[in-house]
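The values are calculated or read from the model by the stated rules, or taken from the named source; none is laboratory data. The structure displayed is predicted, hence computed values, not measured ones. Glycine gets a Cβ as well: all are built from the backbone with ideal geometry, and neighbour counts include every protein chain shown. To get the accessible areas, we keep the full protein, side chains included, count just its heavy atoms, and leave off ligands, DNA and RNA. Shrake-Rupley method; radii C 1.70, N 1.55, O 1.52, S 1.80 Å.
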Amino acid sequence: MRLVIKPDYLSISKWLSDYVVEKILQSNKIKDKFFVLGLPTGSSSLGMYNCLIKHYQNKVISFKNVVTFNMDEYIGLPKEHPESYHSFMWKNFFNHVDILPENVNILDGNAVDLDIECEIFEKKIKKVCGIDIFIGGIGINGHIAFNEPGSSFSSRTRIKTLTQDTIISNSRFFENNIQKVPKQVLTVGIGTILDSEEVLIIISGHNKARILSQVIEGSVSQMYPVTALQLHKKSVIVCDEAATAELKVGTYRYFKELE
Ligand code: GLP
């Protein structure tokens, strides 16, 4: 696992967007190749989306050859609701770049048959030969996408029930009212994420320091879903200095010197 430590949130966002742009440009050299991105929502990803939009506006990159799969969505929240992940993605990214709407894949939390919706999502990922880079944020309880503690490392896209921790944490987007937070979600599985060629995880801020030390220095455990990345052949954690507060000095120095 690679750990990239940057001074602050802005530097993380720039690093991630530059990395993704470079990968898309490389992939564009291959005829008829689509670049497949797995994308997150959440405040940690906003800076990266802003930087990607700037690269598009400066004509550095086009998203015409990019296919995206979002990692999760609330069940029962209308697509038009300002806090649905459909709204988040279009408002914060897709509306500002030249991605083709037919290349955007977001789970439908209002599908008539949610199990079939999940199966179709997995089939679509297979059809494009898998995800090139999966980018994720992280919950304070170590969840990736909405894979809550206890999720199986071989799980695929499915229905999940949120933990009280996540409901309380996400209530900041629902007027701090936990009653308004949907209790169930659709999410890609940990197995779905591990199948990607590369996984990039953003860990920013002091409140994520404990989980960063767990993923870098702790043992693999289904109670910390993000630790599944220790089993992945090419995973990168990108964090800021604030998130390193709980790392051992030796660990911190080692990764700093490597970069
Ligand atoms: C939600 C999303 C996760 C995301 C997490 C962190 O729970 N389902 O995919 O990683 O929020 O959000 P933030 O970046 O706002 O801390």
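Odds and ends about this structure:
- Around the amide H of Leu39, modelled in the peptide plane, lie the amide H atoms of Phe69, Asn70, Met71, Ile135, all under 5 Å away and 5 or more residues distant in sequence or on another chain.
- Where labels lie 7 Å past Cα in the beta-carbon direction, separation of Leu258 and Glu241 in nm: 2.1
- Only the Cβ atoms of Lys and Arg (+1) and of Asp and Glu (-1) were treated as charged; on that basis the dipole of region 100-223 about its Cα centre amounts to roughly 300 debye.
- Taking amide H as placed 1.01 Å from N in the peptide plane, Tyr224 has its amide H under 5 Å from the amide H of Gly150, each at least 5 places away in sequence or on another chain.
- Per atom type, the chain shows carbon and sulfur on 53% of its accessible surface, probed at 1.4 Å.
- Of all DSSP beta bridges in the chain, antiparallel share, percent nearest 5: 25
- Gap separating the Cα centres of region 64-117 and region 21-39, nearest whole Å: 20
- All-pairs alpha carbon distance profile, region 153-259, 10 Å steps from 0, percent: 13, 36, 36, 13, 1
- Expressed in Å, the radius of gyration and Dmax of the Cα atoms of the chain are 17.4, 52.
- Our estimate of slack between Asp8 and Asp98, defined as 0.36 nm per intervening residue step minus the Cα-Cα distance, is 29.5 nm.
- Net charge, Ser152 excluded, C-beta distance under 12 Å - Lys, Arg +1, Asp, Glu -1: +2
- The phi-based Karplus calculation (6.51 cos²θ - 1.76 cosθ + 1.60; θ = phi - 60°) puts the 3J(HN,Hα) values of region 192-199 at 4, 5, 5, 6, 6, 4, 9, 10 Hz, whole numbers, x for Gly and Pro.
- Charged-residue dipole, Cβ positions (Lys, Arg, Asp, Glu), region 78-150 about Cα centre, Debye nearest 20: 220
- FRET E, pair Ile140, Leu25, Förster distance 41 Å, beta-carbon r, rounded to 0.05: 0.75
- Helical mean residue ellipticity (222 nm; -39500 (n - 2.57) per DSSP H run of 4+; nearest 500) of the chain: -10500 deg cm²/dmol
- Accessible solvent surface per residue of the chain, calculated while the other protein chains remain in place, 1.4 angstrom probe, Å²: 46
- For the peptides 21-34, 135-148, residues were scored by their other Cβ atoms within 10 Å and the scores averaged per peptide; the highest-first order is 135-148, 21-34.
- DSSP bridge analysis restricted to region 86-227 gives an antiparallel fraction near 55%, rounded to the nearest 5.
- Under-5 Å amide H pairs with Ile75, H placed in peptide plane, nonlocal only: Gln184, Val185, Leu186
- Summed side-chain charge close to Tyr254 - residues other than Tyr254 whose Cβ falls under 14 Å, Lys, Arg +1, Asp, Glu -1: +1
- Protection proxy ranking of 227-236, 61-70 - average other beta-carbon atoms within 10 Å, highest first: 61-70, 227-236
- Two-site label geometry, His206 and Glu119: point separation in nm, points 7 Å out along Cα→Cβ: 5.0
- Counted charge near Glu217, where neighbours are those whose Cβ lies closer than 10 Å (Asp, Glu -1; Lys, Arg +1): 0
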